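Contents: one structure, followed by commentary.
The values are calculated or read from the model by the stated rules, or taken from the named source; none is laboratory data. Source: prediction; values computed, not measured. Heads up, the Cβs are rebuilt from the backbone with ideal geometry, glycines too, and the neighbour counts pull from every protein chain shown. Ligands, DNA and RNA are stripped out before the accessible areas are found, and what is left, the full protein with its side chains, is counted by its heavy atoms. Shrake-Rupley method; radii C 1.70, N 1.55, O 1.52, S 1.80 Å.
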Amino acid sequence: MTFSTLSHAPLSFLQENDVKIHPFKIPATYEAVVEKLPELRENCPDDVIHLASHNIKNTIYFQQKAYFDGYCTQDMNGYVPEGNRIEFLEEDEDLKKLKPFVDFDYLVDEVTEKCGLDGKRFGGLKVEKSNDPGRFVGGYLYYLSIREGPVNTLFIHVPPFEGECTKEAVADVIREVIRFLTRNDF
């Protein structure tokens, strides 16, 4: 299992028994994604989980879709992809919106149950599915990662670590996602 992160946070707190984790940091630039993705894909045997932060308190989002266009936000180098979209050779409608091979309803239910996310624990931490990974570097990475296949790829937005929503609480959720992926073949 490989984790890529667009943040500067170390991933060592995610260690899981019987799963080899390969942390892989990618700078938050479109150029770095294009440059580093082939190396990431070459070195990941099974599953890839991309992690990025967002600013919504106490909510972890499992992103269900990735899009080829709408990338109009500048990265940290001030760059925006030409035409605000990901280049591809064929104008195929099926390639404009991609989904990973994961049952997100089942994933949300499993993680909620196994982590005891009852609306009170960890400051009300919850997991939800989302259809909007954002049109920034994380969404760009997600689209390219799914398109390049064939391994399972997930993109998870994690909330700020505040109050009871600690790094450890979020790590528990991510560990359960790892268990989910290793138990289920998609």
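Numbers at a glance
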item: Residue within the range 23-32 that is among the hydrophobic types (A, V, I, L, M, F, W, C), at pLDDT 90 or above, touching a strand residue (DSSP E or B) at 6+ places or on another chain (Cβ under 7 Å) and under 23 Å from GLU176 (Cα atoms) present; result: no
item: Residue among LYS99, LYS65 that alone is open to solvent by less than 80 Å² (accessible area, probe 1.4 Å), of a type in the set (Lys, Arg) and within 30 Å of LYS20 (Cα to Cα); result: LYS65
item: Out of VAL33, VAL48, sole residue that is part of a helix (DSSP H, G or I) and either open to solvent by less than 80 Å² (accessible area, probe 1.4 Å) or free of Cβ contacts under 8 Å to residues at least 12 places away in the same chain (or both); result: VAL33
item: Where a residue in the range 122-146 is in contact (Cβ under 8 Å) with a residue 24 or more places away in the chain and of a type in the set (S, T, N, Q) and its partner, wherever it lies, is open to solvent by 20 Å² or more (accessible area, probe 1.4 Å) and not in a loop (DSSP other than H, G, I, E, B), with Cβ under 8 Å and at least six apart; result: SER130/TYR61; SER130/HIS157; SER145/ARG41
item: Any hit, the range 133-141, residues being under 12 Å from the mean Cα position of the chain (by Cα), at pLDDT 90 or above, crowded, with 19+ Cβ neighbours inside 10 Å and at positive phi; result: yes
item: Set GLY78, GLY123, GLY119: member being open to solvent by 20 Å² or more (accessible area, probe 1.4 Å) and in contact with a helix residue (DSSP H, G or I) (Cβ under 9 Å, 6 or more places away or on another chain); result: GLY123
item: The range 168-186, subset open to solvent by 20 Å² or more (accessible area, probe 1.4 Å) and farther than 16 Å from ILE21 by Cβ, residue modelled with the highest pLDDT; result: GLU168
item: Looking only at the range 51-62, and only at residues there that are modelled with pLDDT under 95 and part of a strand (DSSP E or B), the one that is most open to solvent (accessible area, probe 1.4 Å); result: SER53
item: Residues (among the small types (Gly, Ala, Ser) and touching a Phe, Trp or Tyr at 6+ places or on another chain (Cβ under 6 Å)) located in the range 42-88; result: ALA66
